[in-house]
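Read through the structure below, which is laid out as structure tokens, and then see the notes.
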Amino acid sequence: MASTTFSASPGFREKFLTVPPPIEVAGRHIKRYHVTEDPAGIAPEVERAAYAILPRLLPEPDGTPPASFVVLHRGGDDGAYLNVYSWVWDNVLQFGGAAAGQPVLGCPDRDPTHFVVPGRPWIGCVWELPPILHERDAWVRHLLAPDTPDLEAYLADSLPEGTTGDRS
């Protein structure tokens, strides 16, 4: 049996989390979260490139209210990552992802605006995961639990800006 050596990253720090307003893409309402080490946020050219590939990562309509949320993460190196979580089949999250500037994931270069779909089964790193719990609870609160589902209330209910952790 082969052993795996785990080495924790020294000096782990949470990153900045910002919440731009929702957008509509291909008939779906998209809530947005941006994650970065840089308090100035994600560079506009990286944001534009990420959202240009977004339509390829969205599911076909299936009768579920057309809502998704994305986490756009600018890594501390050349990498940029777009994680797309879409509500399907009433109560299921479908995942789609794209990456740029990260050769380990099959990106052809280190350009953080050159997004490709790596096809890995990964759903997010520790900095990208915090919105998932909030979005699960918001979906239940606004669409599954009430007698009358309220998509607008769901779209207005986002995780507050701050950091990716230290929220207790």
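The values are calculated or read from the model by the stated rules, or taken from the named source; none is laboratory data. From a predicted model like this one, the values you see are computed outputs, not experimental measurements. Here Cβ is always computed from backbone atoms with ideal geometry, including for glycine, and neighbour counts include all displayed protein chains.
Filtering region 135-168 to residues that are in contact with a Phe, Trp or Tyr (Cβ under 9 Å, 6 or more places away or on another chain) and either loosely packed, with under 13 Cβ neighbours inside 10 Å or touching a residue at least 24 places away in the same chain (Cβ under 8 Å) (or both) leaves Glu135, Trp139, Leu143, Tyr154, Ser158, Leu159, Glu161, Gly162, Thr163, Thr164, Gly165. Could you please tell me which pairs satisfy a Cβ distance under 6 Å, a separation of 6+ or placement on different chains, a first residue in region 10-23 that is under 10 Å from Trp127 (Cα atoms), and a second residue that is among the hydroxyl-bearing types (Ser, Thr, Tyr) and part of a loop (DSSP other than H, G, I, E, B)? Listed by first residue and then by second, the contacts come to Glu14/Thr164; Lys15/Thr164; Leu17/Thr164. For region 124-140, the condition of being of a type outside the set (Asp, Glu), part of a helix (DSSP H, G or I), touching an Asp or Glu at 6+ places or on another chain (Cβ under 7 Å) and modelled with pLDDT of 95 or more holds for at least one residue.
Restricting attention to region 33-47, and to residues there that are buried (at least 20 other Cβ atoms within 10 Å of the Cβ) and of a type outside the set (A, V, I, L, M), which single residue is farthest from Glu60 (Cα to Cα)? Per the stated criteria, the residue is Thr36.
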